[in-house]
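Undergrad: This structure is in structure tokens; I'll ask about it shortly.
The values are calculated or read from the model by the stated rules, or taken from the named source; none is laboratory data. Since we're looking at a predicted model, the values are computed, not measured. Heads up, the Cβs are rebuilt from the backbone with ideal geometry, glycines too, and the neighbour counts pull from every protein chain shown. The area values use the complete protein model at the heavy-atom level, side chains included, leaving out ligands, DNA and RNA. Shrake-Rupley method; radii C 1.70, N 1.55, O 1.52, S 1.80 Å.
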Amino acid sequence: MPGPMLTLTAILCLGIIVAERTGFSFTLFYCSSLIFLALSLASLRKRFLFDIFISCLIFTLGAALLRNARELSARDIAKFIRYQDGQAHIVKGLVDSEPSVKNNRTSFVFKAEGIQIGNLNYASCGRILVYLKEKIDFSYGEELILRGCLSRPANIRNAFGRSYRGYLSDQGIRSVMRVKTGMDLIRLNKNKGFPPKRLAVFLKKKIEGMIFRHTSSPAAAVLDAMILGDKRHIPWFINDSMMRTGTIHILVVSGFNVGIVAFIILLFLKVIRLPRKTRLAVAVLLLIVYCFITGASNPVVRATVMAAVFLLAYLFKREPDIYNSLGLSASFILAFNPRQLFDIGFQLSFVSVFSIIFVYPKIRALLRVESLKIRPLVFLLDGCLVSFSCWLATCFPIAYYFKIFSPVTVLANLAIVPLATLVTLCGFSLIIISLTLPSLAAYFSYTEKLLVMLLLNINAFLARLPAACFDL
Amino acid sequence: MFNLTRQERQVIVFLISIGLIGVGVSFTLKNCSPVKAVAALYQDFGKVDLNAADKDLLIKVPGIGEKLSCRIIEFREKNSGFNDLEELKQIKGITESRYKKLKEFFILK
């Protein structure tokens with residue numbers, strides 16, 4: 001059996017699914033959890049009984065977590081307003097995300113702290129997606145007072161059948177606010193919000209500035225997505241082409257990027273001759289900072305937790321278990337937000353990694369790759385098998401959600417992943433060089449552009465191959 | 001089934017207990033926090049003072065262009081300011097329906 005943590009996480013997921021599908025109340029799940037906790041405590045000395053009770057406890061805890069996440073606070077902004085009354089509301093709070101500017105319209109997530117109803121101001125909470133019909137340069141953590149119309153998110157469904165309202169609800173957003181002009185807002189304090197996140201946003205802006213100063217679009221856009229996980233500048237045709245070849249994962253920060261960052265950090269710390277233990281501890285801290293810089297999306301949190309488990313295992317001289325670290329990272333994400341279990345990104349991220357660590361070694365043993373004598377052939381076969389096992393696990397969810405079936409994925413990943421590794425390494429080098437020797441940055445940026453163009457052209461060629469991709 | 005040592009079992013039970021208490025507290029706070037009125041604030045927030053706004057500020061009001069903003073300022077100077085928002089209707093280009101939309105954005109201080 002794989003690591004116990006993975007099994008316990010699977011049970012936690014089952015509890016979340018049962019709570020989603022049934023109508024039982026929080027109280028029922030919570031009381032059951034308390035009973036199973038008492039039973040687990042009573043059976044600490046009896047291994048078999050303890051295993052059964054702890055499984056039941058985690059199952060009911062998962063269900064209680066989801067019920068609690070779905071419960072709206074009495075102070076939630078969504079409970080204060082009557083939607084569609086057409087009246088403007090005044091809300092005070094903080095900018096809770098990095099604002100996005102598109103077509104002279106600014107949008108951001110706003111964390112409400114107070115709302116004005118009539119002549120009274122009430123303490124409030126909850127997250128609102130704000131659309132402002134003006135281009136204003138906000139930053140994360142800025143305190144604002146907004147006046148605009150609040151409404152529920154539209155219940156439209158995309159081509160894949162996903163509800164926009166459901167999607168936003170899973171992100172903890174239950175209201176949308178439309179602010180007409182810049183006059184409908186007051187900017188109060190710029191330095192609020194979670195300090196590490198503010199630092200991460202500041203660093204991200206600096207790095208983004210360096211990328212766009214030395215590289216032109218689309219190379220800068222691709223680099224921005226690969227290093228900082230920001231896909232806002234990626235042209236739609238590149239996105240579409242990579243989606244069709246199944247290589248879109250290189251445009252988001254995932255385990256692949258975190259691995260490269262960890263490698264660069266450890267290499268750099270080794271070069272400056274830090275002791276081994278300090279090196280590992282500093283690497284963990286820097287990976288957490290990188291996780292924040294890239295927006296702490298599911299794949300990057302998963303990869304950061306897994307990398308931290310591995311590095312800390314080496315630090316404490318314990319044998320790391322990949323299944324346990326995978327389970328721990330999933331539990332970590334689900335404990336914060338159990339609704340993430342229904343997020344496509346979460347599902348694809350964990351399914352693909354599970355397939356790589358579980359299916360790939362089995363296929364490798366079946367084909368007796370180890371017995372081959374020619375090393376380059378073994379290397380090539382390994383690449384194919386990793387790509388194939390990943391595709392095998394993700395092709396069905398992708399076909400279900402995105403209505404696309406891409407047989408070219410295995411071949412495309414074989415060509416694109418090594419190139420993407422080079423692009424990422426070159427991108428990090430460009431950032432380090434533009435910090436230390438800016439005059440040399442131009443040469444790095446030319447190489448970067450060449451590599452990105454090569455990557456995009458190979459991808460476009462593969463997408464045009466006959467039977468490369470089928471729309472279902 | 002899980003092959004956990006006694007120490008591991010104790011750690012798991014301890015962590016789950018802490019988490020479980022936290023979930024209970026979070027749920028209680030969500031349902032039992034009193035909804036309190038804190039203060040009355042920003043009554044005139046987001047409204048433009050018709051007697052003080054300059055041309056640039058007037059143009060920012062939805063429905064007012066460069067010409068109309070000039071006419072508003074001209075009217076204001078001629079009559080030593082507005083005494084009532086209804087006076088806006090006397091300006092060329094501001095019809096009854098347009099006035100109804102515009103009055104939401106103005107205040108007289």
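Undergrad: Just to verify a result, which residue in region A:95-152, among those that are away from every other protein chain (no Cβ under 13 Å) and at positive phi, is most open to solvent (accessible area, probe 1.4 Å)?
TA: Checked region A:95-152; the qualifying residue most open to solvent (accessible area, probe 1.4 Å) is A:Asn103.
Undergrad: For the list (1) within 10 Å of another protein chain (Cβ to nearest Cβ); (2) out of contact with any Pro (no Cβ under 6 Å at 6 or more places or on another chain); (3) at pLDDT below 85, I need the number of the one condition that B:Leu85 fails.
TA: Single failed check for B:Leu85: (1).
Undergrad: Go through (1) farther than 30 Å from A:Phe342 by Cβ; (2) in contact (Cβ under 8 Å) with a residue 12 or more places away in the chain; (3) touching a helix residue (DSSP H, G or I) at 6+ places or on another chain (Cβ under 8 Å) one by one and return the number of the condition A:Ser124 breaks.
TA: (1)
Undergrad: Cβ-Cβ below 8 Å, separation at least six or inter-chain, first residue in region A:18-35 and within 13 Å of chain B (Cβ to nearest Cβ), second of a type in the set (Phe, Trp, Tyr): which pairs?
TA: A:Ala19/A:Phe29; A:Phe26/B:Phe27; A:Tyr30/B:Phe27
Undergrad: A:Phe50 passes all but one of (1) within 11 Å of chain B (Cβ to nearest Cβ); (2) crowded, with 16+ Cβ neighbours inside 10 Å; (3) in contact (Cβ under 8 Å) with a residue 12 or more places away in the chain; which number fails?
TA: Only one criterion in (1) within 11 Å of chain B (Cβ to nearest Cβ); (2) crowded, with 16+ Cβ neighbours inside 10 Å; (3) in contact (Cβ under 8 Å) with a residue 12 or more places away in the chain is unmet by A:Phe50, namely (3).
Undergrad: Can you give me the number of residues within region A:181-191 that are crowded, with 18+ Cβ neighbours inside 10 Å and in contact (Cβ under 8 Å) with a residue 12 or more places away in the chain?
TA: Applying the first criterion (crowded, with 18+ Cβ neighbours inside 10 Å) to region A:181-191 yields A:183-185.
From what's left, in contact (Cβ under 8 Å) with a residue 12 or more places away in the chain: A:184-185.
Qualifying residue count, region A:181-191: 2.
Undergrad: Only residues that are without any contact (Cβ under 8 Å) to a residue 60 or more places away in the chain and within 14 Å of another protein chain (Cβ to nearest Cβ): list them for region B:88-107, please. Steps first, please.
TA: Initial filter on region B:88-107 (without any contact (Cβ under 8 Å) to a residue 60 or more places away in the chain): B:88-106.
The answer is B:Lys100, B:Lys101, B:Leu102, B:Lys103, B:Glu104, B:Phe105, B:Phe106.
Undergrad: Kindly provide the set of residues from region A:253-280 that are touching a residue at least 60 places away in the same chain (Cβ under 8 Å) and under 25 Å from A:Val408 (Cα atoms), ordered by number.
TA: Going through region A:253-280, the residues touching a residue at least 60 places away in the same chain (Cβ under 8 Å) turn out to be A:254-257, A:260-261, A:264.
Hits for region A:253-280 are A:Ser254, A:Gly255, A:Phe256, A:Asn257.
Undergrad: Could you tell me whether any residue of region A:59-67 is of a type in the set (Val, Ile, Thr) and open to solvent by 20 Å² or more (accessible area, probe 1.4 Å)? I'd like the intermediate steps shown before the answer.
TA: Kept after step one, since they are of a type in the set (Val, Ile, Thr), are these residues of region A:59-67: A:60.
When the remaining residues are screened for being open to solvent by 20 Å² or more (accessible area, probe 1.4 Å), the result is none.
No - not one qualifying residue is present in region A:59-67.
Undergrad: On to the next question. With respect to the numbered conditions (1) farther than 20 Å from A:Gly255 by Cβ; (2) within 15 Å of the chain's Cα centre (by Cα); (3) among the hydrophobic types (A, V, I, L, M, F, W, C), which one is the sole condition not fulfilled by A:Ile374?
TA: It fails just one condition, (2).
Undergrad: While we're on this one: For A:Ala303, indicate whether it is closer than 16 Å to A:Phe256 by Cα and free of Cβ contacts under 8 Å to residues at least 12 places away in the same chain. Can you show your working first?
TA: Numbers: closer than 16 Å to A:Phe256 by Cα: yes; free of Cβ contacts under 8 Å to residues at least 12 places away in the same chain: no.
It is false that A:Ala303 is closer than 16 Å to A:Phe256 by Cα and free of Cβ contacts under 8 Å to residues at least 12 places away in the same chain.
Undergrad: Is it the case that A:Leu72 is open to solvent by less than 40 Å² (accessible area, probe 1.4 Å), aliphatic (A, V, I, L, M) and within 8 Å of chain B (Cβ to nearest Cβ)? Even if it seems obvious, please write down each step before you answer.
TA: Values: open to solvent by less than 40 Å² (accessible area, probe 1.4 Å): yes; aliphatic (A, V, I, L, M): yes; within 8 Å of chain B (Cβ to nearest Cβ): yes.
Answer is yes for this residue.
Undergrad: Further question on the same structure: Do we find that A:Ile234 is open to solvent by less than 60 Å² (accessible area, probe 1.4 Å), free of Cβ contacts under 8 Å to residues at least 12 places away in the same chain and either more than 26 Å from A:Ser169 (Cα to Cα) or under 18 Å from the mean Cα position of the chain (by Cα) (or both) in this structure?
TA: Details: open to solvent by less than 60 Å² (accessible area, probe 1.4 Å): yes; free of Cβ contacts under 8 Å to residues at least 12 places away in the same chain: no; either more than 26 Å from A:Ser169 (Cα to Cα) or under 18 Å from the mean Cα position of the chain (by Cα) (or both): yes.
No.
Undergrad: Ok, one more. Restricting to helices (runs of 4 or more DSSP H) lying wholly in region A:293-406: which have 1 or more residues that are surrounded by 21 or more Cβ atoms within 10 Å (Cβ to Cβ), in contact with a Phe, Trp or Tyr (Cβ under 8 Å, 6 or more places away or on another chain) and among the basic types (Lys, Arg)?
TA: On the way: elements: A:298-315, A:322-336, A:344-366, A:375-402.
Answer list for region A:293-406: A:298-315.
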